[in-house]
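Below is one structure, written out as structure tokens; the observations come after it.
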Amino acid sequence: MTEPLIELKGVSISFGTNKVLDNVDLTIYRGEALGIIGPSGTGKSTILRVIAGLIAPDSGEIYIQGVRREGLIEDATNLVGIGMVFQQAALFDSLTVEENVGFSLYQHSKLRRSRIRELVNEKLEMVGLSGIGDRYPAELSGGMRKRVSFARAIMSNPDNPKDRPEVLLYDEPTAGLDPIASTVIEDLIRQLQCTQGICSTYAIVTHQHSTIRRTADQIVFLYQGKVQWQGTVSEIDTTDHPLIRQFISGSVSGPIHVVG
């Protein structure tokens with residue numbers, strides 16, 4: 001049987017009295033496109049941050065290619081590079097696109113500035129944004145800002161092959177975008193996985209039906225901090241599971257509690 005690339009075992013995390021994840025088991029295999037869905041406030045973004053090593057769980061174990069991670073990402077040497085695309089792009093407004101995309105290399109590498117600019121231009125070309133390195137985030141559309149954040153997430157130091165991201169974590173990458181801009185982002189996610197030879201594995205949190213169907217192969221449904229259902233994208237149309245039926249239909253009637 002194929003060894004999991006990333007594995008969460010019994011992961012729980014609380015913020016104050018709010019238990020966000022409750023004994024969650026999750027497995028991601030190499031080459032998998034995993035969609036994480038569910039109502040708002042059920043721990044989906046938190047799972048991504050746990051996988052990325054940005055927050056540590058209160059209990060449970062995290063394995064990266066069979067090796068248990070202790071602490072946060074800076075405390076461990078991962079065998080697999082992990083990049084993250086945040087929901088609001090999370091760009092620095094005072095920096096140019098070039099400075100945003102090359103930020104980690106400017107801060108933590110010994111590469112010449114001219115070499116970093118070359119790498120930045122290469123990544124911008126990959127996401128279809130050649131020639132905008134001198135612009136600021138405020139000068140870009142929402143879809144363009146998302147693509148800049150993609151370029152930053154796949155940036156790596158060529159002097160350190162282990163730095164190259166094999167796994168990308170997408171937190172609501174199409175949130176707030178119009179249908180056409182969403183399609184561009186969805187196509188780019190698949191393109192990076194299939195044709196660019198990088199980021200062959202990813203997990204994506206989304207509420208949008210088109211994004212679920214166009215970017216995910218496997219689905220995990222989270223509710224009340226627990227994995228309530230797992231299956232393929234095609235199975236969300238055929239399952240009788242009441243949580244899935246209510247979520248996909250958008251009905252206010254059913255087992256999912258509607259706040260307000």
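For GLY143, indicate whether it is of a type in the set (Gly, Ala, Ser), modelled with pLDDT under 85 and either assigned to a loop (DSSP other than H, G, I, E, B) or farther than 30 Å from PRO57 by Cα (or both).
Values: of a type in the set (Gly, Ala, Ser): yes; modelled with pLDDT under 85: no; either assigned to a loop (DSSP other than H, G, I, E, B) or farther than 30 Å from PRO57 by Cα (or both): yes.
So GLY143 does not fit the description; no.
I'd like to check which helices (runs of 4 or more DSSP H) are fully inside the stretch 38-139 and have at least 3 residues that are more than 30 Å from SER249 (Cα to Cα), hydrophobic (A, V, I, L, M, F, W, C) and in contact with a Ser or Thr (Cβ under 9 Å, 6 or more places away or on another chain). Spell out the reasoning first.
Values: elements: 44-52, 97-101, 103-108, 113-126.
Per the criteria, 113-126.
Test of understanding: among ASP178, ASP237, ASP163, ASP171, which residue is at pLDDT 90 or above and either surrounded by fewer than 18 Cβ atoms within 10 Å (Cβ to Cβ) or of a type in the set (Lys, Arg) (or both)? Before you say what the answer is, go through the steps one by one.
Details: ASP178 fails: at pLDDT 90 or above; ASP163 fails: at pLDDT 90 or above; ASP171 fails: either surrounded by fewer than 18 Cβ atoms within 10 Å (Cβ to Cβ) or of a type in the set (Lys, Arg) (or both).
The unique qualifying residue is ASP237.
Only one of (1) of a type in the set (A, V, I, L, M, F, W, C); (2) farther than 27 Å from GLY131 by Cβ; (3) out of contact with any Lys or Arg (no Cβ under 7 Å at 6 or more places or on another chain) fails for MET84. Which number is that?
(2)
Name every residue in the stretch 52-72 that is more than 22 Å from GLY16 (Cα to Cα) and exposed (fewer than 15 other Cβ atoms within 10 Å of the Cβ), in order of residue number.
GLN65, GLY66, VAL67, ARG68, GLU70
Hey, can you tell me all the residues within the stretch 10-28 that are polar (S, T, N, Q) and farther than 16 Å from ILE64 by Cβ? Working first, answer last.
Our first condition is that a residue be polar (S, T, N, Q); within the stretch 10-28, this holds for 12, 14, 17-18, 23, 27.
If the condition is that a residue be polar (S, T, N, Q) and farther than 16 Å from ILE64 by Cβ, then SER12, SER14, THR17, ASN18, ASN23 are the ones that fit.
Give me a count of the residues in the stretch 231-257 that are charged (D, E, K, R) and in a loop (DSSP other than H, G, I, E, B). Write out each step before concluding.
Residues of the stretch 231-257 that are charged (D, E, K, R), as a first pass: 235, 237, 240, 245.
Okay, now just the ones that are also in a loop (DSSP other than H, G, I, E, B), so 240.
Qualifying residue count for the region: 1.
For the stretch 150-192, which residues satisfy the criterion of being touching a residue at least 40 places away in the same chain (Cβ under 8 Å) and closer than 21 Å to SER40 by Cα?
LEU169, TYR170, ASP171, GLU172, PRO173, ALA175
What's the number of the condition THR174 fails, among (1) out of contact with any Asp or Glu (no Cβ under 9 Å at 6 or more places or on another chain); (2) in a loop (DSSP other than H, G, I, E, B); (3) among the β-branched types (Val, Ile, Thr)?
(1)
Quick one: count up the residues across the stretch 71-88 that are more than 17 Å from the chain's Cα centre (by Cα) and either modelled with pLDDT of 80 or more or hydroxyl-bearing (Ser, Thr, Tyr) (or both).
Of the residues in that region, 1 qualify.
Assess whether GLU7 counts as being in a loop (DSSP other than H, G, I, E, B) and closer than 21 Å to GLU70 by Cα.
Numbers: in a loop (DSSP other than H, G, I, E, B): no; closer than 21 Å to GLU70 by Cα: yes.
For GLU7, the condition - in a loop (DSSP other than H, G, I, E, B) and closer than 21 Å to GLU70 by Cα - is not met.
On the basis of being in a helix (DSSP H, G or I) and of a type in the set (D, E, K, R), does ARG30 make the cut? Can you show your working first?
On the way: in a helix (DSSP H, G or I): no; of a type in the set (D, E, K, R): yes.
No.
Specify the residue that is surrounded by the most Cβ atoms within 10 Å (Cβ to Cβ); the eligible residues are those in the stretch 149-158 that are out of contact with any Cys (no Cβ under 9 Å at 6 or more places or on another chain) and in a loop (DSSP other than H, G, I, E, B).
Here the residue is MET155.
Considering each of LYS110, LYS146, LYS123 in turn, give the residue that is surrounded by fewer than 17 Cβ atoms within 10 Å (Cβ to Cβ) and at negative phi. So that I can check it myself, show each step before the final result.
Details: LYS146 fails: surrounded by fewer than 17 Cβ atoms within 10 Å (Cβ to Cβ); LYS123 fails: surrounded by fewer than 17 Cβ atoms within 10 Å (Cβ to Cβ).
Of LYS110, LYS146, LYS123, the one residue that is surrounded by fewer than 17 Cβ atoms within 10 Å (Cβ to Cβ) and at negative phi is LYS110.
Test THR42 against the criterion of being without any contact (Cβ under 8 Å) to a residue 40 or more places away in the chain, out of contact with any His (no Cβ under 8 Å at 6 or more places or on another chain) and on the phi < 0 side of the Ramachandran plot, and give yes or no. I'd like the intermediate steps shown before the answer.
Numbers: without any contact (Cβ under 8 Å) to a residue 40 or more places away in the chain: no; out of contact with any His (no Cβ under 8 Å at 6 or more places or on another chain): yes; on the phi < 0 side of the Ramachandran plot: yes.
No, not satisfied.
Each row is one residue, and each column tells you yes or no for (1) within 30 Å of GLY81 (Cβ to Cβ); (2) in contact with a Leu (Cβ under 6 Å, 6 or more places away or on another chain); (3) of a type in the set (Asp, Glu).
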{"residue": "GLU166", "(1), (2), (3)": "yes, no, yes"}
{"residue": "HIS207", "(1), (2), (3)": "yes, no, no"}
{"residue": "THR211", "(1), (2), (3)": "yes, no, no"}
{"residue": "GLY231", "(1), (2), (3)": "yes, no, no"}
{"residue": "THR239", "(1), (2), (3)": "no, no, no"}
{"residue": "GLN246", "(1), (2), (3)": "no, no, no"}
{"residue": "GLY250", "(1), (2), (3)": "no, no, no"}
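The values are calculated or read from the model by the stated rules, or taken from the named source; none is laboratory data. What you are looking at is a predicted structure, and each value in this text was computed from that prediction instead of being measured. All Cβ positions, even for glycine, are placed from backbone atoms using ideal geometry, and neighbour counts span all protein chains on display.
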